[in-house]
Amino acid sequence: MKAMILNHARTPLVWTDLPDRLPGHGEIRVQVLACGVCRTDLHVVDGELPHPNSPIVPGHEVIGRIDAVGSGVDGLAVGDRVGIPWLGHTCGVCRFCRSGRENLCDAPLFTGYTRDGGFATSTIADARFAFPLGETGDAVDLAPLLCAGLIGWRALKLAGEGKHLGLYGFGAAAHILTQVARWQGREVYAFTRPGDHTAQAFARSLGAIWAGGSDEAPPVALDAAIIFATVGDLVPCALRAIDKGGRVVCAGIHMSDIPAFPYDVLWEERQLVSVANLTRQDGLEFLKLAAQIGIVTTVTRYRLDQANQALADLRAGRFEGAAVLVP
């Protein structure tokens, strides 16, 4: 197998030949068809997330086909097409797992961070954390759903059912979530980097009612706002944009420091919450819904050996929607 490996944080990935691996008990081996490039991959590569396994194969928006099955695996077989998400394993015994909050597990493993991921021609996964996908849809188009879509869905559920929804940072997650929110009958207000008229036009093309810079006020008070950008300065901006009783959801795994802000922007029962990972139930819900809605992802394709370029383009905001690696 071949893989793009991160040997040390803040260094380029290295194209590497590795011996083929066999799945262990409860595991499957998957031949990768496509793997999305997520901002969390940037956090891993740039050393913003602590204590990754090293060396590590990044990538956690994996679409592939099973070509080997370990012992003790039920419900999956050689030839099945599956998706492998960020949450790659949980202990099943801690108080969070036992109370239906496996996204907060005390001893998790994360695909592309603490266990090898999908920037490769093949990968090993815990079979319990692989989603059966069937044969509908192109692998490249489906890949962004495995994190941008899933985390967006969990964030949307935490945001509540308000009609006026603000999305800060219009990238892979927001371009998927806009389609979900519009299908639900909500109004989407998109916030981009100030002056990024291309991203604003992209948001409007997907059905956003309004699109402007993050330094602008929306035309109505928002019921909720979801922050996908990793910029802590956006938190007080979003709090000022929401109405009384509204909620701001921070959807990233990493964010720059949140600056001090006056209490009056939080007062009147405004809420500030974060999203951590996902549960398998989130995945089952969202993937079923995505097929029902007919979500269309906007993707830029890169060869697997172009992973460093894809990461650089993501960091610089050089494409709309999502980047996807194809072996």
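The values are calculated or read from the model by the stated rules, or taken from the named source; none is laboratory data. Since the structure is predicted, the reported quantities are computational estimates derived from the model, not experimental observations. Virtual Cβ from ideal backbone geometry, glycine too; neighbours counted across all protein chains shown. Just so you know, the surface numbers come from the protein's heavy atoms only, side chains and all, with ligands and any DNA or RNA stripped out. Shrake-Rupley method; radii C 1.70, N 1.55, O 1.52, S 1.80 Å.
For residue 34, indicate whether it is part of a strand (DSSP E or B) and either over 20 Å from the mean Cα position of the chain (by Cα) or within 19 Å of residue 112 (Cβ to Cβ) (or both). Yes; evaluated as a whole, the condition is true for this residue.
Within segment 172-198, the set of residues being surrounded by 22 or more Cβ atoms within 10 Å (Cβ to Cβ) and closer than 21 Å to residue 37 by Cβ comprises 172, 173, 174, 175, 176, 177, 178, 192.
Residues in segment 286-307 that are under 16 Å from the mean Cα position of the chain (by Cα) and among the small types (Gly, Ala, Ser): 290 alone. If the condition is being open to solvent by 30 Å² or more (accessible area, probe 1.4 Å) and not in a loop (DSSP other than H, G, I, E, B), then segment 1-27 contributes 2, 14, 15, 16, 17, 27.
Summed over segment 140-158, the residues that are open to solvent by less than 10 Å² (accessible area, probe 1.4 Å) and within 15 Å of residue 223 (Cα to Cα) give a count of 2.
Those residues that are among the charged types (D, E, K, R) and touching a Leu at 6+ places or on another chain (Cβ under 8 Å), I need them from segment 214-230; list them, please.
Of segment 214-230, the ones among the charged types (D, E, K, R) are 215-216, 223.
The one that is among the charged types (D, E, K, R) and touching a Leu at 6+ places or on another chain (Cβ under 8 Å): 223.
Residue 137 meets the conditions (1) surrounded by fewer than 21 Cβ atoms within 10 Å (Cβ to Cβ); (2) at negative phi in every case but one. The failed one is (2).
For segment 89-132, how many residues are open to solvent by less than 20 Å² (accessible area, probe 1.4 Å) and more than 23 Å from residue 6 (Cα to Cα)? Walk me through how you get there before you give the answer.
Taking segment 89-132 first, the residues open to solvent by less than 20 Å² (accessible area, probe 1.4 Å) are 90, 94, 103, 105, 111-112, 117-120, 122-123, 125-127, 129-131.
Now narrow it down to the ones that are more than 23 Å from residue 6 (Cα to Cα): 90, 94, 103, 105, 127, 129-131.
Adding up the residues that qualify gives 8.
Every listed requirement among (1) under 19 Å from residue 215 (Cβ atoms); (2) without any contact (Cβ under 8 Å) to a residue 12 or more places away in the chain is met by residue 263 save one, (1). Selection of first residues in segment 205-224 that are farther than 12 Å from residue 168 by Cα and of second residues that are of a type in the set (Asp, Glu) and crowded, with 19+ Cβ neighbours inside 10 Å, restricted to Cβ pairs under 6 Å at least 6 apart or on distinct chains, gives the following pairs, ordered by first then second residue: 209/187.
Among all residues of segment 67-75, there is at least one that is modelled with pLDDT of 95 or more, open to solvent by 20 Å² or more (accessible area, probe 1.4 Å) and of a type in the set (Val, Ile, Thr). Beta carbons closer than 8 Å, at least 6 apart along the sequence or on distinct chains, pair a first residue in segment 291-319 that is within 17 Å of residue 142 (Cα to Cα) with a second that is of a type in the set (Asp, Glu) and in a helix (DSSP H, G or I) for 296/141; 297/141; 299/141; 300/313. Can residue 131 be described as touching a strand residue (DSSP E or B) at 6+ places or on another chain (Cβ under 7 Å) and either in contact (Cβ under 8 Å) with a residue 60 or more places away in the chain or among the basic types (Lys, Arg) (or both)? Spelling it out, residue 131 is indeed touching a strand residue (DSSP E or B) at 6+ places or on another chain (Cβ under 7 Å) and either in contact (Cβ under 8 Å) with a residue 60 or more places away in the chain or among the basic types (Lys, Arg) (or both).
It is to be established whether one or more residues within segment 30-45 are touching a Pro at 6+ places or on another chain (Cβ under 7 Å), hydroxyl-bearing (Ser, Thr, Tyr) and crowded, with 20+ Cβ neighbours inside 10 Å.
No, that holds for no residue.
Within segment 46-63, which residues are farther than 24 Å from residue 74 by Cβ and open to solvent by less than 10 Å² (accessible area, probe 1.4 Å)?
Looking only at segment 46-63, we keep the residues that are farther than 24 Å from residue 74 by Cβ, and these are 46-59, 61.
56, 57, 58, 59, 61 - these are the residues of segment 46-63 that are farther than 24 Å from residue 74 by Cβ and open to solvent by less than 10 Å² (accessible area, probe 1.4 Å).
Just one of the listed residues (325, 314, 289) is of a type outside the set (Phe, Trp, Tyr) and over 25 Å from residue 198 (Cβ atoms), namely 289. Would you say residue 224 is buried (at least 23 other Cβ atoms within 10 Å of the Cβ) and outside any strand (DSSP E or B)? The answer is no for residue 224.
Cβ-Cβ contacts under 8 Å between residues 6 or more apart (or on different chains), taken from a first residue in segment 62-77 that is part of a loop (DSSP other than H, G, I, E, B) to a second residue that is of a type outside the set (Lys, Arg) and open to solvent by 60 Å² or more (accessible area, probe 1.4 Å), are listed as 70/22; 70/25; 71/25; 72/25; 75/132; 76/132.
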